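Engineer: Attaching a single structure in structure tokens format; questions to follow.
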Amino acid sequence: MRCPLKISSKRHVLCVFPAYTPSFGTFAHAFRLMYRVSAFMPPQGLLLIAAYLPETWPVRFIDENVAPANAADFAWADVVMVSGMHIQAPQMHDIAARAKAAGKLTVLGGASVSGAPELYPEYDYLHVGEIGDATDRLIACLDQSVTPPAAQRRFETSERLPLGDFPLPAYDLIRLDRYLIGSLQFSSGCPYRCEFCDIPALYGRQPRLKTARQITAELDAMMAQPSHPPVIYFVDDNFIGNRKAAREMLPYLIAWQRKHGYPLQFACEATLNLAKQSEILALMREAQFVTVFVGIETPDADALKAMRKEHNAALPMMEAVKTLNSYGLEVTSGIILGLDTDTADSEGRLKDFIDLSQIPILTINLLQALPKTPLWDRLQRDGRLIADDSGLESNVRFLRPYDEVVETWRRCIAYAYHPERLFARFAHQVDATYAHRMIVPASGKLTIPNLRAALVLAFNIVWRVGLLADYRRPFWRAVHHALRRGQIDAVLGIGFVAYHLIEFSREAVRGEQNASFYSARRREATLEASPLRKSA
Ligand code: SF4
């Protein structure tokens, strides 16, 4: 649904989504191998707000990961609406400055301002919380006037709009072919309470849901564009936060895939106890889910207990990873270093975990305390929070020496993304995971844009990785292994993912990238970067 208010004015709304600071969970380097791709994933939240605005208000949508908003965009606007996560805070400040310089009213919403509104004193209006009654009050206020107020005003949601009433995100305002993967939201919220995570406080512990009809309508809208990403990421905090709902929705997804000739593949974030849900896993396999991001965090069971993430230890970790692989799901893992439970042995245990799990992609970050988390409260009580402008890689005063933690991170990254090891893990996936995916008709994928994109990608991979890179030998070994098993798709996937991971990790080891996703050490934002990890 759109905003139900009766509107009397016409407002030009410029929605600006900030560029991401480069972080480990990006595929920024891979974009140069691809046809037209220049950003990771469409911003769901701001697209949702754009769709909810009154029908009579013209909306211009700029994702600065694709291209920056220019002077003409700001001149056109009556109101500039911005949204983003903590990692984008410097860019949100920068957009406010540009909008102010153009004399425009500024509005900020999204995850970061909802967690820490005090960080953004320069915005005229703050939208705190999810879309809901605050959104309607904000729109009513904009309808009355777009003159910047004398003092900042906050609009705080107390009654959320049910997900079943969410409008179709304004995909028509962006070009999907500029993105590496598409995004889609089925649920919001997570029933767990991991110490470091702000999801339960921001989005609740009772997952709220869209209907299957909404999901398939969104897929139809994406398919209506001449070209779209081949993989759609369910951005839900935890895809199995409500297992029954996931189980009931998946058959609709399968039916949609069948009807359209299986044009898409899917990815999501979920807790590791997904491995116990054989019925859901079978449905996910049939629906063509190919990747699941799991916040494994640490291979240490005691550390999991300390961070209140015992559900990850519901069954032996390696067994769980193997089970997910056996349903064709490649696991991507989040890992945290700098935990209070870390010891001198933690590095060795993490390296063993990387080798044993054979997980190719691990986003290894330093612990960071986010506002509205139990971790934040505990560290504040203990006087262990460090100011954001410290220039350090984390806002946590670690129990182990800071330099040692950062050095451990560097050694772990170098270990994980040594080309020989990385390509060996991918070769393992060929047999352990990719071979278990359901073979489906190719008709839905055989489109001119898809073939063109595949050709460009194949050429660039052969050129940059297969011929120029110093790691071409292990690359060709992995390719040979995949081709012998008839997995041509896997060759392209391995090529671009490995290219990004190796290039980025080398920068990180040289000290040119941050050790933490949320690092207080500022890097320049690029037009190419965006995060992989959000939760689960
Ligand atoms: S880390 Fe994942 S499982 Fe834990 S509360 Fe956050 S979303 Fe839920």
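Engineer: Within straight cross-link reach of LYS10, meaning Cα distance under 15 Å, which aspartates and glutamates are found once same-chain residues fewer than 8 apart are removed?
Structural biologist: Partners found: GLU55, ASP78, ASP143.
Engineer: Per residue of the chain, what 222 nm ellipticity follows from adding -39500 (n - 2.57) for every DSSP H run with n ≥ 4, rounded to the nearest 500?
Structural biologist: Taken over the chain, the calculation gives -11500 deg cm²/dmol.
Engineer: Moving on to the next point. For the stretch 192-310, with only Lys/Arg (+1) and Asp/Glu (-1) charged at the beta-carbon, what is the dipole magnitude about the Cα centre, in debye rounded to 20?
Structural biologist: My answer is approximately 460 debye.
Engineer: Checking the cross-link filter: which lysines have an alpha carbon closer than 20 Å to that of LYS100, excluding same-chain neighbours under 8 positions apart?
Structural biologist: Once the sequence-local lysines are set aside, nothing remains near LYS100.
Engineer: So what is the relative contact order for the stretch 93-173, in percent, with contacts set as C-alpha pairs under 8 Å and at least six apart?
Structural biologist: RCO, the stretch 93-173: 28 percent.
Engineer: Under 8 Å for C-alpha pairs, at least 6 residues apart: give me the relative contact order for the chain, rounded to a whole percent.
Structural biologist: Taking the mean separation of contacting Cα pairs over the length of the chain, I get 20 percent.
Engineer: Determine ³J(HN,Hα), in whole Hz, for all residues of the stretch 344-356 in sequence, where each value follows from phi through the Karplus function 6.51 cos²θ - 1.76 cosθ + 1.60 and θ = phi - 60°; x replaces Gly and Pro.
Structural biologist: Per residue, the Karplus-derived 3J(HN,Hα) values read 5, 8, 4, 4, x, 5, 5, 4, 4, 4, 4, 5, 6 Hz.
Engineer: Using just the Cα positions, wrap the stretch 60-211 in a convex hull and report its mean projected area in square nanometres, one decimal place.
Structural biologist: 10.1
Engineer: Of the listed peptides 355-366, 38-49, what is their order by residue-averaged count of other C-beta atoms within 10 Å, with the highest listed first?
Structural biologist: Highest-to-lowest ranking by the protection proxy: 38-49, 355-366.
Engineer: Taking the Cα centre of the chain as origin, work out the dipole magnitude from +1 charges on Lys and Arg Cβ and -1 charges on Asp and Glu Cβ, in debye rounded to 20.
Structural biologist: Computed about the Cα centre, the dipole is about 1120 debye.
Engineer: For the chain, what is the convex hull (Cα atoms) projected area averaged across all directions, in square nanometres?
Structural biologist: Projected over every direction and averaged, the Cα hull of the chain covers 22.9 nm².
Engineer: Can you divide the C-alpha Rg of the stretch 86-138 by 2.2 N^0.38 Å and report the result to two decimal places?
Structural biologist: 1.11
Engineer: Just going by the charge dipole of the chain, with Lys and Arg at +1 and Asp and Glu at -1 on Cβ, which of HIS12, ALA344, HIS500 is farthest out on the positive end?
Structural biologist: Of HIS12, ALA344, HIS500, it is HIS500.
Engineer: Straight-line reach only, C-alpha to C-alpha below 28 angstrom: list the lysines that LYS372 could link to, leaving out same-chain residues fewer than 8 apart.
Structural biologist: LYS210, LYS305, LYS309, LYS534
Engineer: Could I have the simple spin-label model distance between ILE488 and ARG308, label points 7 Å from Cα toward Cβ, reported in nm to one decimal?
Structural biologist: 5.1
Engineer: Moving on to the next point. So between THR211 and LEU5, what do we pick up on full extension, going 0.36 nm a residue minus the alpha carbon distance?
Structural biologist: Roughly 71.7 nm would be gained on extension.
Engineer: Something else about it: For the stretch 367-522, go through all pairs of different Cα atoms, get the mean of 1/r, take its inverse, and jot down that Kirkwood value in Å.
Structural biologist: 18.6
Engineer: Continuing with the same structure: Applying the Karplus parametrisation 6.51 cos²θ - 1.76 cosθ + 1.60 with θ = phi - 60° to the phi angles of the stretch 310-315, what ³J(HN,Hα) value in whole Hz is obtained for each residue in order, glycine and proline being reported as x?
Structural biologist: For the stretch 310-315, the Karplus-derived couplings read 4, 4, 6, 9, 4, 8 Hz, x marking Gly and Pro.
Engineer: Here's a follow-up. How large, in percent, is the carbon and sulfur part of the accessible surface of the chain at a probe radius of 1.4 Å?
Structural biologist: Summing carbon and sulfur atoms, their accessible area is 54 percent of the total for the chain.
Engineer: Something else: Taking Cα pairs under 8 Å and at least six residues apart, what relative contact order does the stretch 67-116 come out at, in percent?
Structural biologist: 46
The values are calculated or read from the model by the stated rules, or taken from the named source; none is laboratory data. Everything numeric in this text was worked out from a predicted model, so none of it was measured. Because the Cβ atoms are built from the backbone with ideal geometry, glycine has one as well, and the counts that use them run over all protein chains shown. All accessible areas refer to the heavy atoms of the entire protein, side chains included, with ligands and DNA or RNA removed. Shrake-Rupley method; radii C 1.70, N 1.55, O 1.52, S 1.80 Å.
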